[in-house]
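Input: a single structure, listed below in structure tokens.
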Amino acid sequence: MSIRRLSPFMVNQIAAGEVVERPASVVKELVENAIDAEASRIRIEIDKGGHERIEVIDDGNGIVQEELPLALESHATSKITDPCDLDGVATMGFRGEALASITSVARVVVRSRTRDAAEASVIEGEGERREGPKPAAGPVGTSVAVHQLFGRVPARRKFLKSEAAEMRRITRIVHRLTMSHPDIAFTLISNGRTTLELKARKDVRRRILDVMGPELDEHMLDLDVTREGIRLWGLVGLPEVARPTSQHQQFYLNGRPISDRSVSHALREAYRGLIEPSRHPTAVLFLQVEPTRVDVNVHPAKTEVRFRDERLIHSIVRRGVLECLGRSDLTPDLSVAESSPSASTRPLFGSGGRSGGGVRLTPPPVTSVGGGVGKGFDAEAARELARDLSERPAVIPSPVPSSPVLQVHKTFLVTEDEHGMVIIDQHALHERVMFERLLARIESGPLPSQRLLVPEVIDADPIHLEGLEQISPLMERLGLEATPSGPRTIALHAVPVLLFERGVKAGSFLKDLLERAGEGTLSSTDEEEALREVLDMMACKAAVKAGDQLSSRELADLLEMRETVERSSNCPHGRPTSLRLSMEDLERQFGRR
Ligand code: ADP
Ligand code: MG
């Protein structure tokens, strides 16, 4: 077959495969155009999940009659003129191919009127057919109606999901677009029924709460940091509002919604240990990056971007969120889980801790961490850790000095702080404290290790031996040394001092570890992540257990450590280490209020 040039129509139809995947992508393009046209209200009407009709109506700048035909042509845009513009695109669109692509796979009617025009004009296009522009009645602004998406491309129409499923995607995309444009009023109508009505707001926080639910108000922290010319701001949810899916996570780059694996990874890392691994933080994050430091033109729908310095962005997001969470009091209030929905009268966090505004930045009291709980927190390591930690922001509300502590059924500790009564799970707290110490300690080199006089020989399955091979670099960092010593045995030569001193059976710890590694349940792709997982395991094994009687010295030490350790309100698995019963709740329960 000879080589022939494709017709412009064919080119558009092929391009449409990339830009116009489904009704939600059409909605996205049309709403972005309305935003670019500086609309103050945008109305989105959907019939049958967009299979039948998608119409976006705005009160923006409009298109002059002579240019209407151009709007439907590919590579026709009013938004950029020369190549340099590509580096600093400020508008949502710039590729000039959305309307052309949509017109190649649907019947499109554009009606528009500029402020100066006496009347509106309308043009219709479908495939290569054009009708108009001709005069019509209509208000200032633009409406673009898309009928019968993929009506003549049965191969594509087949891929559309049910109306309800497509409508869900549309709603999701509308949510994302509305959150970054609080000053625009939005209405979403599905089959004639209004499903979303958002009035214009002055600030993003209000809009986000309008969309995500006002009940989140007191569970969302404000974040705003600038580092190396990159601004990260938005709202991050407290651990208690983490969700089973990542639907409540939105990222924006210079106002455009993006999805970026590195950013979501950084966010997950920041919450590590605060929420259970199967849950996802709630967060809306905006990144403001100088346009030359990012390439937005790597994806036709512009939802994926390429950062010139991905590691920097990762670290800014991780640290920014971590510090924001660190500044706030994460000890869950018992009344959150219990009855009292009268959330507005909760003075627990009244000292600004939850605002994330940097009120509580005083370094934590770290003077006497040494001395240790139980059998052997070594003092040098503790001091070292204290130094590390003092460079980080504090977390916990200041305790009442030398409050009495009561151990209840060898499991829980009861004490007080400035807000009321605090109940602590002794194992969970100790585990968290050890985890943070280990994590801080391991940054400066392998953990101190204790060599065994006589190697301990352990029975091993093939799965253990396989695991041994996989994680030997990791084991070195942990201060664990083991070698295969026969077809079904492993010899253990050295163990981490911590396990040794805490009387943990190193052999069974090693077997657990190797089994996880061998079965691939350890996050083997990312060494840092795997390391944290193992440190979790170590901390859990080494921590005091429920049922351990603690001496008064140990109790005091444990409580003191609580204040030195970041995020001590949750154990590494995400369960809370402490709960609080506020004075107000107590007073209410006892009928004093
Ligand atoms: P792009 O947005 O990348 O420029 P589109 O195909 O989406 O490309 O739109 C082509 C052009 O049509 C835009 O550059 C703009 O000039 C015009 N246009 C599209 N929608 C609107 C609208 N709602 N209001 C005003 N102008 C619009
Ligand atoms: Mg566009």
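Just so it is clear, none of the values below were taken in a lab; they were calculated from the coordinates. On a predicted model such as this, the values are computed, not experimentally measured, just so you know. FYI the Cβ positions are ideal-geometry reconstructions off the backbone, even for glycines, and counts take in every protein chain you see.
Within the shell of other residues whose beta carbon sits under 12 angstrom from the beta carbon of D59, the net charge comes to +2, with Lys and Arg scored +1 and Asp and Glu -1. Spin-label pair E52-R172: with each label point 7 Å from Cα along the Cα-Cβ axis, the two points sit 2.4 nm from one another. Place a label point 7 angstrom from the Cα of V225 along the Cα-to-Cβ direction, then list the residues of the stretch 305-329 whose backbone nitrogen is under 20 Å away. Within reach of a label on V225, which here means backbone N under 20 Å from a point 7 Å along Cα→Cβ, the stretch 305-329 contributes 307-329. Applying the Kirkwood pairwise sum to the alpha-carbon positions of the stretch 204-326 produces a hydrodynamic radius of 14.6 angstrom.
How large is the Kirkwood hydrodynamic radius of the stretch 160-245, counting all unique pairs of alpha carbons, in Å?
14.7 Å
Net charge within 15 Å of S7 by Cβ-Cβ distance, Lys/Arg positive one each and Asp/Glu negative one each, not counting S7 itself?
Spelling it out: positives minus negatives among the neighbours equals +2.
Taking each residue as 0.36 nm, the span from R193 to S262 lengthens on full extension beyond its C-alpha to C-alpha distance by 21.0 nm.
Summing Lys and Arg as +1 and Asp and Glu as -1 over all other residues whose Cβ lies under 9 Å from the Cβ of R593 gives a net charge of 0. Annotation note: trypsin sites (Lys or Arg not before Pro) in the stretch 404-513 located in DSSP loop regions with a Cβ neighbour count of at most 16 within 10 Å are K410, R488, K505.
With the simple model of a label 7 Å out from the Cα in the direction of the Cβ, R5 to L586 spans 8.5 nm.
The P(r) of the stretch 105-174 has a tail past 18 Å containing 54 percent of all C-alpha pairs. A crude spin-label estimate for the pair E276 and Q288, with each label 7 Å from Cα along the Cβ direction, gives 3.9 nm.
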